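**Student:** Pasting in a structure now, in structure tokens, and then I'll have a few things to ask.
The values are calculated or read from the model by the stated rules, or taken from the named source; none is laboratory data. As the structure is a computational prediction, the values presented were derived from the model and not from experiment. Glycine gets a Cβ as well: all are built from the backbone with ideal geometry, and neighbour counts include every protein chain shown. Each accessible area value is taken on the protein alone, full model and side chains, heavy atoms only, with ligands, DNA and RNA left out. Shrake-Rupley method; radii C 1.70, N 1.55, O 1.52, S 1.80 Å.
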Amino acid sequence: MNISIRISVLFSLLLSMTGYSQLSIVNSNLLPYNVTGQSMLQTTVLSTGGEGTVRVKSFISNSAGKRVYTVESGVISIKTGANNIAALVGNAFIEKYSSLPQSKYVQTHHRLPSGLYTHCIVIEPLTGFEEGDELCNDIDASDMTFLSLVYPSDNDTIETNNPILTWTHSESFSLLNEGEHFKIIVVEMKDDQGAEEAVTTNQPVFTKSFLRSHQVQYPFDAKELEKGKNYAWQVQKLSRGTIVNKTEAWEFTLKPDPEVHEHMFTTLKTSLDASFYHVYNDKIYFRYDEKYKGGDIQIRILNERRHEIKPTLESTDGAAQNMKSAGYNQYILDLEPYNLERGFYIMECRNEKKEVYLLKFYVAE
């Protein structure tokens, strides 16, 4: 005997020996990608020891217990033995759709949107039988759609502390059941951890529930992402607090600052070319070689709009001064007090002989 046959059939066989007529639903196998009136009634009903008439009702409820789709037959004559309900009904049935977005989806596409559902078949006796029967099965339609991450891609290296985390899924947010929502989670990864393990076990640095957009910017008031560290992230679909679907867990790294060699001093030039100095930690380290006697060095900075800033230099011995001596001079120009915006700048240095030496530099932050 097939294992899908319910235990109630065994009882019905015993009852047939006593002359009592029993109705039993033997099986039902509604597939989430084929939801029609005929498939809803695709079931076998076993009658033992008698004939009569029944009405069959088949319905689908979502995880909130609300009816999505109902099919009801007319009067059906049941014979002793196995009865194929769909064959007996044919096209003589009534369909009922609710106002739920999921119901409209089923009506249009004849399949279930993603989620958890319950499919029930009820046999209501009319004549010849004292009792009917009911059979309900859970349907998991999570595999009917895709849910995936987009950016940052797996093992990506990013440069911003507040990335726009992007994900996607194949259905409208309006198809969510009551009690269902999407949640995004970001965690810091520990050494020798995979992304999935990190998301499962580590304390989140950022989480947001009830998402209604596929783009979520890492907030400025959340725990700051640290340069050089690895992070894992995932989007989960929850139904009444239980994870029913989720993306893969991906990891990304926030790009570390390049190592600064504080004693690598750039040399000023008499003319500009395509090269430029990349500023780190708001400081420029440069050298100035003077062939003549010492004296004042005048310095100014021009931005792309030719606006001028006249900074104060600091020599490598820590003294703030604009004096140069004959020979080899090293200076540190601290840009922090000037709050320079991101972009390119030109530094001009002029000695007492009115000779101009130049440096093109770039401020990243």
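**Student:** Once the other residues with Cβ under 10 Å from the Cβ of GLY228 are scored (Lys, Arg +1; Asp, Glu -1), what is the net sum?
**Tutor:** +1
**Student:** Output ³J(HN,Hα) for the stretch 197-207: one whole-Hz value per residue in order, computed from phi by the Karplus curve 6.51 cos²θ - 1.76 cosθ + 1.60 with θ = phi - 60°, and x for Gly and Pro.
**Tutor:** 5, 5, 5, 6, 10, 8, 5, x, 8, 7, 8
**Student:** Then there is this: Between the alpha-carbon centers of the stretch 41-63 and the stretch 118-161, tell me the distance in whole angstrom.
**Tutor:** Centre-to-centre (Cα) distance: 22 Å.
**Student:** Follow-up. Trypsin sites (Lys or Arg not before Pro) within the stretch 74-141: which are DSSP loop residues with at most 16 other Cβ atoms inside 10 Å?
**Tutor:** Here the sparse-neighbourhood loop sites are LYS79, ARG111.
**Student:** Tell me which residues come under 5 Å, amide H to amide H, from LEU165 once H is placed; ignore anything under 5 positions away on its chain.
**Tutor:** VAL216, GLN217, TYR218
**Student:** Got a number for carbon plus sulfur as a percent of the chain's accessible area, 1.4 Å probe?
**Tutor:** Here carbon and sulfur together make up 49 percent of the probe-accessible area.
**Student:** Using only C-alpha positions, report the orientation-averaged shadow area of the convex hull of the chain, nm², one decimal.
**Tutor:** 27.9
**Student:** Across the stretch 169-174, in residue order, what do the Karplus-derived ³J(HN,Hα) couplings come to in whole Hz, using 6.51 cos²θ - 1.76 cosθ + 1.60 with θ = phi - 60° and x for Gly and Pro?
**Tutor:** Couplings: 8, 8, 10, 6, 4, 5 Hz.
**Student:** Amide H neighbours of VAL205 under 5 Å, at least 5 residues apart or on other chains, H built in the peptide plane: list them.
**Tutor:** So VAL205 has HN proximity to VAL186, VAL187, GLU188.
**Student:** Please identify every one of the trypsin sites (Lys or Arg not before Pro) in the stretch 160-227 that sits in a loop by DSSP and has no more than 16 other beta carbons within 10 Å of its own beta carbon.
**Tutor:** Taking the stretch 160-227 and a limit of 16 other Cβ atoms within 10 Å, the loop trypsin sites (Lys or Arg not before Pro) found are LYS190, ARG212, LYS223, LYS227.
**Student:** So in the chain, which Cys have no other cysteine's beta-carbon sitting under 4.7 angstrom from theirs?
**Tutor:** CYS349, each lacking another Cys Cβ under 4.7 Å.
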